[in-house]
Amino acid sequence: MTKSDFIIRGEATLGYSPVLTPDNAPLKDLAIGRLRLDAKVGGHKGQTGVRETLLHILVGTCSVEVSGPWGKKVYDQLGERDDVFSGLPTSLLLGPSTEYSLKPLSRSLDIAVASLPIGSDRLVQPVLVRPQDVRVHPIGEAHYQRSVREVLGGEDPSFRIRAGETINPVGLWSSWPHHDFDAKPDLAPKFEEVFLYFTKPRYGWGL
């Protein structure tokens, strides 16, 4: 697979599927994948290696068992949404050298997986971000007003990952004004950002 500025949407498949990675996109460190499970496929096992990893539950409910140098933990009944528009998300932040095992508890489960390398020498325990921990605030005005659900911001315990959801009213713009690196141009190459887009109704569209 060659790198491209444009990535064609693939068909939805069960199991883990890489979406955007340094292998197929103009990214240096950031990797994004989708994990789709159901009762037929069963669970999924993974490991973080040298990467900080966020399991961001888009749809469905699951249990997650994690283990690392700090011990073992079990998280039950994570997630509660029928779709990304029906409530606030649940996410689980995992540090390096962590093994995890997921089991779907709902008919279907859809998780966005984001990761960035931070090295294997950091002893980081898992951090659970429940819906009540998500900070919701309006951003912008006029034709670029939207609501932001901040899952991991600059003051949160993650080392490199920042994550959230943006809800756009029909017909309004997002990500405007654009990020301004004029004052600190050296930051631009270090700033990697990926958006996953969802519409409601499903046949909706965006530009």
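The values are calculated or read from the model by the stated rules, or taken from the named source; none is laboratory data. Note that the structure is a prediction, hence the values are computed from the model and not measured. Cβ coordinates were reconstructed from backbone atoms using ideal geometry, including for glycine residues, and neighbour counts include every protein chain displayed. These accessible areas exclude ligands, DNA and RNA; they are computed on the full protein's heavy atoms, side chains included. Shrake-Rupley method; radii C 1.70, N 1.55, O 1.52, S 1.80 Å.
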Q | Enumeration of residues in segment 169-186 that are open to solvent by 60 Å² or more (accessible area, probe 1.4 Å) and under 22 Å from the mean Cα position of the chain (by Cα) | A | P169, W173, W176, H178, H179
Q: Report whether or not V64 is free of Cβ contacts under 8 Å to residues at least 40 places away in the same chain, farther than 22 Å from H137 by Cβ and under 17 Å from the mean Cα position of the chain (by Cα).
A: yes
Q) Looking at (1) crowded, with 19+ Cβ neighbours inside 10 Å; (2) farther than 23 Å from K200 by Cβ; (3) touching a Gly at 6+ places or on another chain (Cβ under 7 Å); (4) at pLDDT 95 or above, can you tell me which one S115 breaks? A) (3)
Q) Looking at this structure, is D110 open to solvent by 20 Å² or more (accessible area, probe 1.4 Å), in contact with a Leu (Cβ under 6 Å, 6 or more places away or on another chain) and outside any helix (DSSP H, G or I)? A) yes
**Q.** Where a residue in segment 164-179 is closer than 23 Å to V134 by Cα and its partner, wherever it lies, is of a type in the set (D, E, K, R) and assigned to a strand (DSSP E or B), with Cβ under 6 Å and at least six apart
**A.** G164/R149; G164/E150; E165/R149; T166/R146; N168/R146; S174/R146
Q. What's the number of the condition S101 fails, among (1) buried (at least 21 other Cβ atoms within 10 Å of the Cβ); (2) touching an Asp or Glu at 6+ places or on another chain (Cβ under 6 Å); (3) hydroxyl-bearing (S, T, Y)?
A. (1)
Q: Please enumerate the residues belonging to segment 119-145 that are part of a strand (DSSP E or B), closer than 16 Å to A163 by Cβ and either out of contact with any Phe, Trp or Tyr (no Cβ under 7 Å at 6 or more places or on another chain) or free of Cβ contacts under 8 Å to residues at least 12 places away in the same chain (or both).
A: V127, V129, R135, V136, H137, I139
**Q.** Within segment 26-75, considering residues that are closer than 19 Å to R160 by Cβ and out of contact with any strand residue (DSSP E or B) (no Cβ under 9 Å at 6 or more places or on another chain), the one most open to solvent (accessible area, probe 1.4 Å)
**A.** K28
Q | Scope segment 76-90; condition in contact (Cβ under 8 Å) with a residue 40 or more places away in the chain and either open to solvent by 30 Å² or more (accessible area, probe 1.4 Å) or touching a Phe, Trp or Tyr at 6+ places or on another chain (Cβ under 7 Å) (or both); matching residues | A | E80, D83, V84, F85, L88
Q) Here is a list of conditions, (1) part of a helix (DSSP H, G or I); (2) under 27 Å from L27 (Cα atoms); (3) in contact (Cβ under 8 Å) with a residue 24 or more places away in the chain; (4) not aliphatic (A, V, I, L, M), and D186 meets all of them except one; can you say which number that is? A) (3)
(Q) Here is a check on your reading of the model: is P96 at pLDDT 95 or above, farther than 22 Å from E165 by Cα and part of a loop (DSSP other than H, G, I, E, B)? (A) yes
Q. Within segment 147-162, is even one residue assigned to a strand (DSSP E or B), open to solvent by 60 Å² or more (accessible area, probe 1.4 Å), farther than 27 Å from K45 by Cβ and not small (G, A, S)?
A. no
Q: Return the only residue of S91, S108, S101, S63 being of a type in the set (S, T, N, Q) and at pLDDT below 95.
A: S108
